[in-house]
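Encoded as structure tokens, the structure appears first; notes follow it.
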Amino acid sequence: QVQLVESGGGLIQTGGSLRLSCTTSGRPFSGLGLGWFRQTPGNQREFVAGISNGDFTGYSDAVKGRATISRDPNKNTFYLQMNSLKPGDTAVYYCAARNTGAFGYTAGIYDYWGQGTQVTVSS
């Protein structure tokens with residue numbers, strides 16, 4: 001079993017930046033594929049970014065060029081840095097992990113989830 005604890009988020013002005021963190025425990029960090037998703041009321045959880053255990057990364061079109069996902073194996077933690085935030089980025093953000101080194105683009109293939117953190121971008 002893997003536990004994920006998120007931190008970061010909050011209220012940010014349009015054009016601002018944020019960094020979300022997700023710390024894992026319970027199994028070797030190097031064996032996990034990692035991702036960030038977000039969700040707004042009435043909508044499905046949406047892929048934001050992912051990183052493999054080989055540091056291969058992927059991003060949604062909505063955040064490409066504005067987001068960077070990274071990981072620190074020494075801290076069992078991965079991050080989502082987002083810049084040039086827009087009101088449309090407002091959502092609950094979730095970190096996720098799966099029991100394979102590759103990340104995925106769909107929420108259903110992830111095995112473990114963080115508790116979610118609210119990000120609100122004011123206009």
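The values are calculated or read from the model by the stated rules, or taken from the named source; none is laboratory data. This structure is a prediction, so every number in the text was calculated from the model and none was measured. FYI the Cβ positions are ideal-geometry reconstructions off the backbone, even for glycines, and counts take in every protein chain you see. Note: accessible area is taken over every heavy atom of the protein model, side chains too, but ligands, DNA and RNA are not part of it. Shrake-Rupley method; radii C 1.70, N 1.55, O 1.52, S 1.80 Å.
Observations, loosely collected:
- Candidates Ser70, Gln81, Gly58 compared by Cα position along the dipole of region 39-87: farthest toward the positive end lies Gln81, with charges placed on Cβ.
- Sum of side-chain charges, Gly16 neighbourhood, beta-carbon under 15 Å (Lys, Arg +1; Asp, Glu -1): +2
- With R₀ fixed at 35 Å, the C-beta to C-beta distance from Gln118 to Asp61 puts the FRET efficiency at about 0.90.
- Packing-based ranking of 39-46, 65-72, 24-31, 89-96 yields 89-96, 65-72, 24-31, 39-46, ordered from highest to lowest mean Cβ neighbour count within 10 Å.
- Prolate/oblate/rounded call for the chain, Cα gyration tensor, a/c under 1.5 rounded: prolate
- Extension gain for the segment Gln39 to Ala107, taken as residue separation times 0.36 nm less the Cα-Cα distance, is 23.4 nm to one decimal.
- Three principal axis lengths of region 28-78 [C-alpha, angstrom, descending]: 36, 22, 14
- In sequence order, region 113-123 has phi-based couplings of 9, x, 7, x, 9, 7, 10, 10, 9, 8, 8 Hz under the Karplus curve 6.51 cos²θ - 1.76 cosθ + 1.60, θ = phi - 60°, and Gly or Pro positions carry x.
- Note, ³J(HN,Hα) from phi for region 84-90, Karplus 6.51, -1.76, 1.60, rounded to Hz, x at Gly and Pro: 6, 5, 10, x, x, 7, 4
- For the chain, carbon and sulfur atoms together expose 47% of the accessible surface, with a 1.4 angstrom probe and every protein chain in place.
- Solvent exposure of the chain as accessible area per residue, Å², 1.4 Å probe: 48
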